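Everything on this sheet refers to the single structure shown next.
The values are calculated or read from the model by the stated rules, or taken from the named source; none is laboratory data. On a predicted model such as this, the values are computed, not experimentally measured, just so you know. Cβ sites come from the backbone with ideal geometry, for glycine too, and all protein chains shown count toward neighbours. These accessible areas exclude ligands, DNA and RNA; they are computed on the full protein's heavy atoms, side chains included. Shrake-Rupley method; radii C 1.70, N 1.55, O 1.52, S 1.80 Å.
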Amino acid sequence: MSFLFAFINYKTNIMNIKNVTVIGTGVLGTQIAYQIAFCGYKVTVYDVTQKNLDNAKVRFKELGEIYKKDIAATNEQVDFAISNISYSLDLAEAVKDADLTSESIPESLDIKKDFYTQLSKVAKPDAIFTTNSSTLLPSKMAGSVEKPERFLALHFANNIWKQNIGEVMGHAGTDPKIFNAVLDFAKSIRMVPIAIHKEQPGYIVNSLQVPFLNAAIDLYAGGVADPETIDKTWMIGLNAVKGPFASIDIIGLTTLYNVTKLRAESGDEKAAIAVQVLKDNFIDKNKLGIATGEGFYKYPNPRYMDPDFLK
């Protein structure tokens, strides 16, 4: 238990952060919740449907097995993580004890602004609010937060237990003490804290990743090549373990769809075509990626993992 107590002793000094509420149980939301619980915090998971919470419970069990394989977690550590997680369908109940919240709801500015207005009414006055938004700037949402000085972004990469960066990005009104506290919190949950000193859409990791995902979807929607061919080209040409469409399935097509809509609304003609292709062929058919068992590939055995895929 020395590993667990080491994290517990560390975290007690971080502005008294003990209880964390994770809002949203998509691919990254569940990863964030599990990682925080694994590192000794009490975590409440909130979502709007019981089905989503039930799916999260299944995903947590899967993550336990992944942690055993990838980072040599013990049965004791996995059981400890699960014991730290509780579930709620009621926002006020979910955040009543939260010292910090982590939000991973759909990538829509209107949805997020409405959510933060509601959250501000029911959270503790001294709670820290963090968003895991992939593309939206904290300053775009800060006006909907009652105490904007306690609001900022803490963004995670997929496969959080291995690709363990925690990008911390405030807005002009973020209290520097809160910024530093979130950097410390990120470190306490085994992230490498990445301090971003100026608002940047996409932070660092997505500023690098999103253009290549956009290029891939534009190639596909424009009829240049199919997803498997594009992935195969990327994997061979750059010696990569997976291509852009495999990555999109992991991130989730809902996120891609919302980001592509933002591009289309800014006047990008290729994005406008891609939005319709995504809606007709994936969103409307509930082919949302790994979370629903099918996106650009079918799961649990996607074609890109076949030994002969690159032949």
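Annotations for the structure displayed:
- Pairs meeting the criteria (first residue in the range 83-109 and closer than 20 Å to T131 by Cβ, second residue among the hydroxyl-bearing types (S, T, Y) and in a loop (DSSP other than H, G, I, E, B), beta carbons under 7 Å, at least 6 apart or on different chains) are E107/S133; E107/S134; E107/T135.
- Close pairs from the range 152-166: first farther than 15 Å from I196 by Cα and of a type in the set (D, E, K, R), partner at pLDDT below 95 and open to solvent by less than 30 Å² (accessible area, probe 1.4 Å), Cβ under 9 Å, at least 6 apart: none
- Residues of the range 87-103 that turn out to be closer than 26 Å to T254 by Cβ and surrounded by 15 or more Cβ atoms within 10 Å (Cβ to Cβ), as a count: 10
- Scanning the range 107-117 for residues that are modelled with pLDDT of 95 or more and of a type outside the set (A, V, I, L, M), we see that the one that is surrounded by the most Cβ atoms within 10 Å (Cβ to Cβ) is Y116.
Rundown of residues vs (1) among the β-branched types (V, I, T); (2) open to solvent by 10 Å² or more (accessible area, probe 1.4 Å); (3) within 15 Å of V205 (Cβ to Cβ), yes/no style:
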residue: I105; (1), (2), (3): yes, yes, no
residue: I128; (1), (2), (3): yes, no, no
residue: K140; (1), (2), (3): no, yes, no
residue: E146; (1), (2), (3): no, yes, no
residue: V168; (1), (2), (3): yes, no, yes
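- Condition broken by V182, with the remaining ones in (1) in contact (Cβ under 8 Å) with a residue 24 or more places away in the chain; (2) open to solvent by 70 Å² or more (accessible area, probe 1.4 Å); (3) in a helix (DSSP H, G or I) satisfied: (2)
- All of (1) assigned to a helix (DSSP H, G or I); (2) more than 30 Å from Y257 (Cβ to Cβ) hold for K121 with one exception: (2).
- Number of residues in the range 46-85 that are within 19 Å of I105 (Cβ to Cβ), surrounded by 12 or more Cβ atoms within 10 Å (Cβ to Cβ) and either more than 18 Å from the chain's Cα centre (by Cα) or hydroxyl-bearing (S, T, Y) (or both) equals 2.
- So K42, is it open to solvent by 60 Å² or more (accessible area, probe 1.4 Å), in contact with a strand residue (DSSP E or B) (Cβ under 9 Å, 6 or more places away or on another chain), of a type outside the set (S, T, Y) and over 17 Å from S102 (Cα atoms): no
- Failed item, numbered, when T44 is tested on (1) part of a helix (DSSP H, G or I); (2) modelled with pLDDT of 95 or more: (1)
- The helices (runs of 4 or more DSSP H) found wholly in the range 205-311 and carrying at least 3 residues that are open to solvent by 30 Å² or more (accessible area, probe 1.4 Å) occupy 205-221, 227-237, 253-265, 269-278.
- Any chance K124 is open to solvent by 80 Å² or more (accessible area, probe 1.4 Å), free of Cβ contacts under 8 Å to residues at least 40 places away in the same chain and either closer than 25 Å to T292 by Cβ or charged (D, E, K, R) (or both): no
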